[in-house]
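What follows is one structure encoded as structure tokens, with my remarks underneath.
The values are calculated or read from the model by the stated rules, or taken from the named source; none is laboratory data. Everything quoted here is computed from the prediction, not taken from an experiment. Using ideal geometry, Cβ is built from the backbone for each residue, glycine included, and neighbour counts are taken over all protein chains shown. Protein only, heavy atoms only, side chains kept; ligands, DNA and RNA dropped before computing areas. Shrake-Rupley method; radii C 1.70, N 1.55, O 1.52, S 1.80 Å.
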Amino acid sequence: MAGAPSPDDRFVVALASLPSVGPGRLRALLGRYGPEGAWEAVVAGSVDRGLLSRAGREGVEALVARWARRACEVDPQACWDAHAEAGIGIATSGSPAFPAVFAADDAPPVVVF
């Protein structure tokens, strides 16, 4: 599944690698900003707080700050490469490798590993 990523794929995988980013948050970030824009918003700490109404015990501001700190340590291309080198297949929604079984899913994942 992993191969040469599209520029967007790299950002999706890097976003998915952040702490407390599950399918719902990933979908919300991508829906609001698109892949590269979401990454830029996370790095800048400027994520729309309304997307994170349920941040658990940590709180929204702490979560956004934690994402920003972690994202500053992550290179999206290196994140993609590390997955590929480890033999982890990656398919993002809309890519030819994305499993067809999700086509009828009401809330399909954005990325599968």
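A few notes on this one:
- Residues in segment 79-113 that are out of contact with any Lys or Arg (no Cβ under 6 Å at 6 or more places or on another chain), surrounded by 11 or more Cβ atoms within 10 Å (Cβ to Cβ) and part of a helix (DSSP H, G or I): Cys79, Asp81, Ala82, His83, Ala84, Phe102.
- Val43 vs. criteria of a type in the set (A, V, I, L, M, F, W, C) and part of a helix (DSSP H, G or I): yes
- Qualifying residue in segment 59-66 (condition: open to solvent by less than 20 Å² (accessible area, probe 1.4 Å) and in a loop (DSSP other than H, G, I, E, B)): no
- Looking across segment 33-48 at every residue that is in contact with a Pro (Cβ under 9 Å, 6 or more places away or on another chain) and crowded, with 21+ Cβ neighbours inside 10 Å, the one that is farthest from Ala65 (Cα to Cα) is identified as Pro35.
- Where a residue in segment 54-83 is touching a residue at least 60 places away in the same chain (Cβ under 8 Å) and closer than 20 Å to Ala28 by Cα and its partner, wherever it lies, is open to solvent by 40 Å² or more (accessible area, probe 1.4 Å) and outside any loop (DSSP other than H, G, I, E, B), with Cβ under 7 Å and at least six apart: Pro76/Arg10
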